[in-house]
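Trainee: Here's a structure for you.
The values are calculated or read from the model by the stated rules, or taken from the named source; none is laboratory data. Only a predicted model underlies this, so the values are computations on that prediction, with no experimental measurement involved. Every residue, glycine among them, receives a Cβ derived from its backbone with ideal geometry; neighbour counts consider all protein chains shown. Surface areas here come from the heavy atoms of the whole protein model, side chains and all, with no ligands, DNA or RNA. Shrake-Rupley method; radii C 1.70, N 1.55, O 1.52, S 1.80 Å.
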Amino acid sequence: MVGKKRKGAFSACFFLGFYLLLPVQNSLAENNLEKDPNSLQAAPIGSVEEKGNPSVQPAEPVLRGALVKLTDFGADDVGYLSIPDQEPKGGVVLVPGKWGMNRGIKFLADRFSKEGYVALAVDLFNGIVPKDSSYAADLTRFVREDSALGVISAAVRFLHESPRFHTDKVGIVGWDRGGEYTFEAALNIKGIEAAIIYYGEVDFEKKKLFKLKVPLCYFYAEKDKSISKEKIIHFVNRLEEEKKPLVFYSFDAQDGFADPSNSNYDPTNAEAAWHISIDFLEKKFNAPRKETGLLEKIIHGKD
């Protein structure tokens, strides 16, 4: 059942049951789970497996990208670069969460490149890929925000200035803690045309929100215990008051639902969010820049 929309410039919407949106193979999460957080926990949508035979394991997708140095663009770090086969639609910087630049984030970079984007995943852990949640939390705590933004800035420059390809427009996507850095990058780094945040912490200081000029898409996980719904509502309302360009979606899911490396990975909601992300980038990359934005909140309820 689709909820009512507010009339006028601002409409409102939360996604409470994405089984209504897309026909996705729900069995993937049950049959293809892996225990290693550094490998994909679920086979990509559309993969084929032999049902009823537990000895048959789904093959991991072959990665199509390669590591590149960002030295010439302002950071002594590396990133995972995946280039499309056709003329690029634009570039996308991927900012991973607590699991770092593992196979999961590389797989997502490859998915962006298959959609026509030059994708560059940044490494905020200096090549370290954590093996458990405790180590991941420790690594995350030791990352300084200014250092993370420096790496992201270098990645944005790489996509704009690399002689290997031409990208006029660059977006940025971040997951959990990477979503926090994505929001700060959208506020402070030039050359970003659109930003997508997956269940990251947000800072709704008015002086910060005033600086937001690029379109923002935010995915909220309703079962995320680290961020209260009241805080998210406050954040959304504050952006609405400031007339900032926000598209907001709420999923009936745990935090980490869109990260194939996370134990909370939910392929149904992840696939729905993926299609929204691609649609958002295509619309924003092809749309003229506006000084004021439209807050869209879409509400879908269950019968």
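Trainee: Calculated FRET efficiency, residue 135 and residue 201, Cβ-Cβ r, R0 22 Å, to nearest 0.05? Display every interim value, and only then the final one.
Mentor: On the way: r = 21 Å, r/R0 = 0.93.
In this case the efficiency is close to 0.60.
Trainee: Where the centroid of each part is defined by its Cα atoms, how far is the range 114-168 from the range 267-281 in Å?
Mentor: Here the two parts' Cα centres lie 21 Å apart.
Trainee: If you don't mind, another one. Rolling a 1.4 angstrom probe over the protein chains, ignoring ligands and nucleic acids, what is the accessible area of residue 99 in square angstrom, nearest 10?
Mentor: Accessible surface of residue 99 is approximately 20 Å².
Trainee: Using only the C-alpha atoms of the range 128-191, find the volume of their convex hull and express it per residue in Å³.
Mentor: Given the Cα convex hull of the range 128-191, per-residue volume reads 100 Å³.
Trainee: Sticking with this structure for a sec: What distance in nm lies between label points placed 7 Å from Cα along the C-beta direction at residue 228 and residue 71?
Mentor: Roughly 4.9 nm, to one decimal.
Trainee: Additional query: Using the structure shown, select from 89/231; 131/223; 114/231; 169/223; 89/213 the pairs with a Cα to Cα distance greater than 26 angstrom. Each step should come with its number before you reach the end.
Mentor: Numbers: 89/231 35 Å; 131/223 24 Å; 114/231 36 Å; 169/223 34 Å; 89/213 21 Å.
Too far apart for the 26 Å limit: 89/231; 114/231; 169/223.
Trainee: Would you kindly find the accessible area of residue 77, with a 1.4 Å probe and non-protein molecules such as ligands, DNA and RNA excluded, rounding to the nearest 10 Å²?
Mentor: 30
Trainee: At a 1.4 Å probe radius, which order do 129, 62, 95 fall into by accessible area, largest first? Before the final figure, lay out each step's value.
Mentor: Numbers: 129 50, 62 130, 95 0 Å².
Listed by decreasing accessible area, they come as 62, 129, 95.
Trainee: Express in nm, to one decimal, how much length is gained between residue 147 and residue 282 on full extension, taking 0.36 nm for each residue of separation and deducting their alpha carbon distance.
Mentor: Working it through step by step, the gained length comes to 45.6 nm.
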